[in-house]
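The values are calculated or read from the model by the stated rules, or taken from the named source; none is laboratory data. Source: prediction; values computed, not measured. We place every Cβ from the backbone using ideal geometry, glycine too, and count neighbours over all the protein chains shown.
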Amino acid sequence: MSAEAATGLSIHTSETQEYFGTSSTGKIGMWIFLLSDAFSFVGLLLGYGMLRSGAHVWHHPGEPELSVNFAALLTIVLVSSSMSMVMALTAAVERNRSQLLLFLGLTILGGVVFLAGQAYEYTHLIEEGLVFGRSAYASTFYVITSFHGLHVLTGVIYMLFIFVRGAGGKYDSGDYREVELVDLFWHFVDLVWVFVFTFIYLIPSHAGA
Amino acid sequence: MTAVTREHHDTTVHAEQHATRKASAITFSFLVVLTVLEILLAMTRIEGSALYNAQMSGDAVFWGLVFLAASNAFLVLFFFMNLKFESKTMKYMVALPLAFPVLYALVLIAEAAWRRIW
């Protein structure tokens, strides 16, 4: 029996249950939203790929290299925060308020550290000459990473909202559906970063051209 | 719910969540390892890095990175986002629309590889 069924949260008619199992309507809605959001990122990354593959010179002289090591650190922060989000959700299912708040707090901290890291990175890159609008390399970098950063910021605000509700005892009854939704959103932010990290940071700009 | 039923229910929930935490910890370990592999692979084509190897094929590195990123994404999608445990309809609802841009991306990458841009 799934945990959701065990807590008696299934609200479906037999018809919806046939297609969506015990998923809440909110969860189905969140998946559809994430799918549409995924298309936004796919569009941006495909546009980046086309610009890059069609450019005679991608990385102009004088423009700084992106720091793979620093981005790797941000990646580990984000993946770790995904793990703490899993811990937060399991705590919510177990009706353990203190653990929920602890792990949700750690996830929020991970998001804040990521945003601070991104702000630090932008500051340095701008000082070193990577300016939005001066090249496709610079513009695609800022558009894609800031669009992702906006998702991280949204996730942090969303998690703060859930944290406050959790602190007020909202999930003590075992109705963890809201936590499940923020959990999905946060993992999606992690999922997208996997591709941003690979395509923007890891493909070397001078290699073999 | 009686006290006995409640206790049984709580035990079931704890056991399920314990299994979820264990599976997630394994997924997390894989994600870290795959990310480290990605970085090491990328380093072989970054001039100035300790692992730089001019003989390394750019195509092999690129497809390796794509494969590792796709593996990472699969792990997050299936185990962190629990798509593995969703109904068939949910799986198709997510996978089918995404299959087209993925196919397009593969064509784009293959075409860029043909022109050897990296």
Kindly establish whether A:G117 is more than 14 Å from chain B (Cβ to nearest Cβ), without any contact (Cβ under 8 Å) to a residue 60 or more places away in the chain, out of contact with any Lys or Arg (no Cβ under 6 Å at 6 or more places or on another chain) and closer than 30 Å to B:D10 by Cα.
no
For the stretch B:82-92, which positions are facing chain A (nearest Cβ under 7 Å) and either in contact (Cβ under 8 Å) with a residue 12 or more places away in the chain or touching a Phe, Trp or Tyr at 6+ places or on another chain (Cβ under 7 Å) (or both)?
B:S87, B:T89, B:M90
If I go through the stretch B:31-50 residue by residue, how many of them are in a helix (DSSP H, G or I) and either among the small types (G, A, S) or touching a residue at least 60 places away in the same chain (Cβ under 8 Å) (or both)?
1
Can you list residue pairs whose Cβ atoms sit under 7 Å apart, with the first residue in the stretch A:174-185 being modelled with pLDDT of 95 or more and the second being buried (at least 21 other Cβ atoms within 10 Å of the Cβ) and of a type in the set (F, W, Y)? Count only pairs 6 or more apart in sequence or on different chains.
A:V179/A:Y171
Please return the ranges of helices (runs of 4 or more DSSP H) entirely within the stretch A:1-105 where 3 or more residues are more than 8 Å from chain B (Cβ to nearest Cβ) and at pLDDT 95 or above.
A:25-54, A:68-93
Out of B:V61, B:V13, which single residue is touching a Lys or Arg at 6+ places or on another chain (Cβ under 7 Å) and either within 8 Å of chain A (Cβ to nearest Cβ) or surrounded by fewer than 12 Cβ atoms within 10 Å (Cβ to Cβ) (or both)?
B:V61
As an exercise: evaluate B:N53 against (1) polar (S, T, N, Q); (2) assigned to a helix (DSSP H, G or I); (3) more than 7 Å from every other protein chain (Cβ to nearest Cβ); (4) more than 25 Å from A:L44 (Cα to Cα) and give the number of the one condition it does not meet.
(2)
